[in-house]
1. How do the pairs read when you match residues in the stretch 105-120 that are under 11 Å from Leu195 (Cα atoms) with residues anywhere that are open to solvent by 100 Å² or more (accessible area, probe 1.4 Å) and at pLDDT 80 or above, using Cβ under 8 Å and keeping only pairs 6 or more apart or on different chains?
2. Quick check on my filter: what residues within the stretch 70-94 are open to solvent by less than 80 Å² (accessible area, probe 1.4 Å) and within 33 Å of the chain's Cα centre (by Cα)?
3. Is there a residue being within 27 Å of the chain's Cα centre (by Cα) and modelled with pLDDT under 80 anywhere in the stretch 178-190?
4. Where residues in the stretch 34-56 are small (Gly, Ala, Ser), free of Cβ contacts under 8 Å to residues at least 40 places away in the same chain and at negative phi, which of them is surrounded by the most Cβ atoms within 10 Å (Cβ to Cβ)?
5. Please indicate, with yes or no, whether at least one residue in the stretch 278-288 is touching a residue at least 24 places away in the same chain (Cβ under 8 Å) and closer than 17 Å to Met256 by Cα.
6. Name the single residue, out of those in the stretch 211-263 being closer than 24 Å to Lys277 by Cβ, modelled with pLDDT of 85 or more and among the acidic types (Asp, Glu), that is surrounded by the most Cβ atoms within 10 Å (Cβ to Cβ).
7. Among (1) under 30 Å from Lys39 (Cβ atoms); (2) among the hydrophobic types (A, V, I, L, M, F, W, C); (3) at pLDDT 80 or above, there is one condition Ile141 misses while meeting the rest; what is its number?
8. If Lys308 satisfies every condition in (1) closer than 23 Å to Ala276 by Cβ; (2) modelled with pLDDT under 80 but one, which is the exception?
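The values are calculated or read from the model by the stated rules, or taken from the named source; none is laboratory data. Just so it is clear, the model here is predicted, and its values are computed rather than measured. Glycine also receives a Cβ, built like all others from the backbone with ideal geometry; neighbour counts cover every protein chain displayed. When the accessible area is computed, the model is the full protein with side chains, heavy atoms only, and any ligands, DNA or RNA have been set aside. Shrake-Rupley method; radii C 1.70, N 1.55, O 1.52, S 1.80 Å.
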Amino acid sequence: MASISSNSKGKENVTSNDHLATPIPMQSTWTPPDEGTVKVNVDAGWDFLTKRAGFGIIIRNHLGRPLFSEWRFVPSCTSAEEAEVLASLEVPKLCCLVWCTTMEIDSLREAFDRVVEKRTLSSTKVQEAIDQIVNEVTQAISKMQMMNTDSMDSCDHSHILAELKAKLNGVAPLNQLEGCQKELNVALSKYLKLLEKSFNPDISKAYRNVDFEASTINNIIANHFYRQGLFDLGDSFVHECGESDGSYLKSSFQEMYGILEAMKARNLEPALNWAAKNHDQLLQNSSMLELKLHSLQFVEILTNKRSKDEALQYARTHLGPFAFMHEAEIPRLMACLGLISPHMPSSCHQRNGRSYLRS
C-alpha cells in the first residue's frame with residue numbers, strides 16, 4: 001500500500017513497501033519561447049526511502065525542436081527541490097555549451113555556403129567556356145561545308161582553321177577556368193581546416209576513462225563463437241579465460257542450431273514448439289514466422305501423408321487462429337486440398353502445391 005503526501009510546491013513524495021513509486025498521471029502544456037530565443041526545462045525525481053534522485057534538462061527553440069538534452073543520477077539527495085536546484089546549477093554551463101556549439105555550426109555553415117557559391121560559379125564559367133568553344137567550332141565547320149558546296153575542286157581550309165585557333169586563343173578558356181578553380185580550392189581548403197578545428201579527428205578523445213572490463217570482452221568473444229555454431233571452441237575459450245559457466249550464453253544458439261538441423265531433415269516440430277513458446281513476442285513484432293511454419297507443416301502433411309482429413313484437421317487447429325489477420329493466405333492453403341490426388345505420386349503433389357502457393 002502506498003502513501004502520498006504533498007508539499008507546498010506541489011511535489012508528491014511516494015513511498016511503498018516495495019520501493020516502487022506509483023505513477024501519477026499529469027497533464028502539462030509547453031509554451032514555446034519567442035523566435036530567436038530558447039527555453040530550458042528542468043525536472044527532477046526523488047525517492048523518499050533511498051534518498052536518491054535524478055534530473056533531466058532539455059533546451060528547445062521556438063519551434064519546439066530539441067537543441068540539447070541531458071539527464072543525471074544523484075546518489076544522495078534530501079528532497080526533490082534540492083535535485084531541481086542541482087539541475088538548475090547545470091543550466092548556465094549547458095547554455096554556454098549550446099551557444100558555443102551553435103556558433104561553431106554557424107561558422108561551418110557559412111564556410112560551406114561559400115564553397116557551394118564558388119563551386120556554382122566555377123560550374124557556370126566552365127559551362128560558358130564549353131558553350132563558346134562549341135559555338136566557334138560549329139561555325140568553323142559550317143564555313144568549311146559551305147566552301148565544299150560552292151567549289152567542286154579541293155578546298156584549302158587552313159585559313160578557317162587558323163581563324164578558329166586565333167579565336168580560341170582570344171577566348172583563353174583555360175585561364176578563365178584556372179581562376180575559378182583556384183577560388184574554389186581556396187574556399188574548400190578553408191572549410192576543411194575549419195572542420196578539423198571544430199571536430200577533433202582523434203577518436204581516442206571519445207574514450208571514457210574507465211577500467212578495462214576483461215569479462216565483458218570475453219563474453220563478446222565467446223558469444224561470437226557460439227553464434228557461429230563453434231560450441232567446442234567457445235567452451236574452450238570460456239574455460240581458458242577463467243570465466244564462469246558459459247551455458248547461459250550458448251543455450252539459445254544451441255536451440256537455434258538444433259532447430260535448423262531438424263528443419264534440414266524436414267522435421268518442423270522443434271521450430272513449431274519454439275514459435276508456440278514465443279507466440280506473444282512474435283505477434284508483438286508483427287511476425288508471420290509462426291504462420292509460415294504451420295503452412296509448411298500443413299503442406300508436408302498433405303503431400304507426404306496424402307491425408308486430406310488430417311491436413312484439414314491440422315488447418316482448423318493451427319491455421320484457424322491466424323485467419324482474421326491473414327485472410328489472403330489461408331484460402332490459398334485450403335485450395336491446395338483440391339490439387340492432391342491419392343493416385344498421384346508424392347513428387348507431383350509437392351510440385352502442384354508449391355507452384356500454386358508461389359502463384
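1. Pairs that qualify, where the first residue is under 11 Å from Leu195 (Cα atoms) and the partner is open to solvent by 100 Å² or more (accessible area, probe 1.4 Å) and at pLDDT 80 or above, are Ala111/Lys190.
2. Passing the criteria: Glu70, Val74, Ala87, Glu90, Val91, Leu94.
3. Among the residues of the stretch 178-190, not one is within 27 Å of the chain's Cα centre (by Cα) and modelled with pLDDT under 80, which makes the answer no.
4. Ala53
5. No: the stretch 278-288 contains no residue that is touching a residue at least 24 places away in the same chain (Cβ under 8 Å) and closer than 17 Å to Met256 by Cα.
6. Restricting to residues being closer than 24 Å to Lys277 by Cβ, modelled with pLDDT of 85 or more and among the acidic types (Asp, Glu), the top hit is Glu255.
7. Just one mismatch for Ile141, condition (1).
8. (1)
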